[in-house]
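Notes for the one structure printed next.
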Amino acid sequence: MEAAKDTANALQMNDHGPLHAQRVYMNAKLLCSLFDISPHEKALLLAASLLHDIGMADDRDNHHIVAHDLVLELSESGELPFSAEEAHVVATLCKWHRKDFDPDEVEEQLKIRTGLLASMIRIADSMDLDYRRSPDFQGSREKIIERINKDQIPHHLSVLSIIALRLRVNHIGTKLELFVENFKLASLQIDRLIEELLGIRFSWPVQLVPIHPSLPQSSLEVASKKKAIVFAYCNAHGLISASITKKQLEQQGFEVTTICNHNKTFSTTTFWKETFQDFDFREYSSVSLLDLYLSPSLLDVTLKKIQENSNCSWHFASPLAITGIEVKKMISAGINLYLCDERALFTGNSLDSNSLFWMKVAGLCNFDNPHVAGITREEHDVAMGIRYEIMVSGQEKKEDDHYEQLMSLIIQNNLKHFTSKATDFTKIIAEKGLTGTRHGRVLVFKTSNISGRSVYDFIHKAIVNQGVRPFENNEFETPFAIFPQVFQGVVRILFISFFSRSEKAFPVRYFLDYDENSVGSTSTIWQSFASEELALEAINTTLARINDHFQEHCDIPVESLKDPD
């Protein structure tokens with residue numbers, strides 16, 4: 001994939017390298033929520049999503065055919081872990097991600113609907129059409145035009161004009177929402193997406209959502225306004241999503257209450273079991289639930305509560321893949337689903353230029369997203385500042401109104417407040433850092449009293465402190481880490497990957513036995529174990545897999561989760 005990226009850059013094309021492959025992989029995971037496919041079909045689809053462009057290094061025009069042949073060759077040699085039948089399916093999907101394909105094809109021996117999976121990978125590929133595909137999207141359009149060939153200018157300007165895409169699903173059907181800055185410039189990518197949808201026989205409409213310079217204020221009197229309530233996970237991008245949603249609902253004329261604080265929405269389990277179940281929704285017309293992970297074990301009791309409050313319009317936004325069965329249940333209960341990454345985890349579609357900035361910052365605040373490329377200094381500092389506020393607010397047990405003040409600052413676009421906190425955040429992370437033990441390419445920690453979302457920042461800092469390898473293009477010495485916690489007799493383990501070069505990233509998920517009890521998507525995975533013995537077994541298995549992959553010798557097992565007293 002790295003060679004594919006170099007080829008695309010040499011031709012001054014949009015990204016076709018590892019970051020593109022990872023975004024297609026994430027798109028395919030979201031699409032799996034909309035289809036009744038088997039775990040085996042899903043696994044083969046996701047494998048093909050990562051491999052579909054590996055032929056770019058040899059032949060751009062026929063890269064789909066080269067990819068097909070490479071998958072078969074690497075599988076036969078044992079470098080890819082597929083049986084002959086599985087290799088045939090994955091190779092076919094790589095070949096069929098462009099040009100002609102048979103949408104009705106079925107692999108009879110494995111009972112794999114290859115034609116359906118090919119349709120899904122084609123749309124997942126087409127969905128990667130926003131500004132992140134330009135190799136220098138943080139630069140100005142003028143600078144990009146100066147640097148690239150004239151025949152590639154329309155392609156770059158088209159992706160630079162598209163900010164994000166999300167799937168919106170309800171009882172009527174599925175539609176794709178595109179957030180667009182400039183319709184005229186974006187038309188090239190939009191036309192390609194629509195053409196692909198028509199070609200694969202998915203009857204999904206595409207809604208174009210404009211980014212306005214500013215939005216008018218609602219003219220409704222307070223007495224005539226309907227009430228809306230917004231619940232959002234208490235982390236940095238949750239706070240941003242709640243703020244964008246509140247702003248849009250107020251613009252639509254709602255009187256809005258937002259609940260995004262440490263007391264009620266920091267623990268998703270506590271939220272769904274207590275806060276949500278005890279809440280009286282009778283006076284509200286609209287309810288938004290943003291980035292609040294809903295365990296499958298709590299789905300039925302949650303839907304019962306929702307159906308008891310059918311007077312409300314229900315909106316549920318999630319970056320995590322949901323099973324097709326769960327989607328059907330939620331739609332039947334009258335829920336509007338928003339499936340997308342952290343940049344678009346809000347409800348509504350009336351955006352201004354300030355909201356656009358905050359969408360990008362929300363993406364930067366997500367630690368499970370290895371496919372965010374270049375950023376501006378201002379975006380970085382604001383992201384650091386809001387993460388600082390979340391961390392300190394939790395540690396100091398701030399009252400609920402403090403979080404409301406933070407949301408007001410976001411809505412007012414007070415960037416200065418958050419950029420002023422960036423240095424404080426870096427200082428705290430440096431002063432109160434974690435120290436781990438190196439096991440090959442993995443940094444392993446003992447149990448710690450550090451909790452909350454800030455644990456990710458402490459782990460990242462510890463990885464950075466281990467230094468880099470000059471002979472690997474300055475990649476981190478330990479780009480993987482394992483962090484255990486013991487809570488109420490249950491051992492929770494955070495497995496994390498953090499690479500200095502995101503296009504080189506090899507997400508930690510690839511080394512784990514991922515099941516329905518795992519929480520996380522790609523680069524940050526939480527798993528729970530009933531005993532220390534089971535947790536240690538999982539830790540040492542993961543250590544062996546990572547170090548074997550990187551051919552790193554390490555024969556020192558982890559024997560305890562805690563430091564000696």
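Of note:
- Residues (touching a helix residue (DSSP H, G or I) at 6+ places or on another chain (Cβ under 8 Å), of a type outside the set (A, V, I, L, M) and either at pLDDT 85 or above or in the same structural domain as GLY385 (by TED's automatic domain parsing) (or both)) located in segment 442-456: PHE445
- Residue match in segment 308-327 (condition: part of a helix (DSSP H, G or I), surrounded by 19 or more Cβ atoms within 10 Å (Cβ to Cβ) and modelled with pLDDT under 95): yes
- Qualifying residue in segment 230-252 (condition: under 25 Å from ASN354 (Cα atoms) and among the acidic types (Asp, Glu)): yes
- Filter pass, ASN413 being assigned to a loop (DSSP other than H, G, I, E, B) and at pLDDT 95 or above: yes
- Listed conditions (1) in contact with a strand residue (DSSP E or B) (Cβ under 6 Å, 6 or more places away or on another chain); (2) without any contact (Cβ under 8 Å) to a residue 12 or more places away in the chain are all met by ASP278, apart from (1).
- Some residue of segment 258-265 being free of Cβ contacts under 8 Å to residues at least 24 places away in the same chain, in a helix (DSSP H, G or I) and farther than 21 Å from PHE367 by Cα: no
- Hey, ASP53 buried (at least 22 other Cβ atoms within 10 Å of the Cβ), touching a Lys or Arg at 6+ places or on another chain (Cβ under 8 Å), among the acidic types (Asp, Glu) and closer than 27 Å to LEU178 by Cα or not: no
- Restricting segment 332-385 to residues that are within 17 Å of the chain's Cα centre (by Cα) and over 23 Å from ARG168 (Cβ atoms), the residue that is modelled with the lowest pLDDT: PRO370
- Subset of segment 487-542 (residues that are surrounded by fewer than 18 Cβ atoms within 10 Å (Cβ to Cβ), more than 27 Å from THR323 (Cα to Cα) and aromatic (Phe, Trp, Tyr)): PHE487, PHE499
- Residue count for segment 423-441 under the criterion of being part of a helix (DSSP H, G or I), over 24 Å from the mean Cα position of the chain (by Cα) and either acidic (Asp, Glu) or modelled with pLDDT of 80 or more (or both): the result is 5.
- Helices (runs of 4 or more DSSP H) lying entirely in segment 45-138 (those with 3 or more residues that are of a type in the set (S, T, N, Q)): 114-126
- Selection from segment 381-420 of residues that are in contact with an Asp or Glu (Cβ under 6 Å, 6 or more places away or on another chain) and surrounded by fewer than 21 Cβ atoms within 10 Å (Cβ to Cβ): THR419
- In the set SER267, SER214, only one residue is under 24 Å from LEU406 (Cβ atoms), of a type in the set (Ser, Thr, Tyr) and exposed (fewer than 14 other Cβ atoms within 10 Å of the Cβ); that residue is SER214.
- Residues in segment 57-89 that are in contact with a strand residue (DSSP E or B) (Cβ under 8 Å, 6 or more places away or on another chain) and surrounded by 17 or more Cβ atoms within 10 Å (Cβ to Cβ): HIS88, VAL89.
The values are calculated or read from the model by the stated rules, or taken from the named source; none is laboratory data. Fair warning: this is a prediction, and the values are worked out from it, not measured in the lab. A quick note on method: Cβ atoms are made from the backbone with ideal geometry, for glycine too, and the neighbour counts reach across all protein chains shown.
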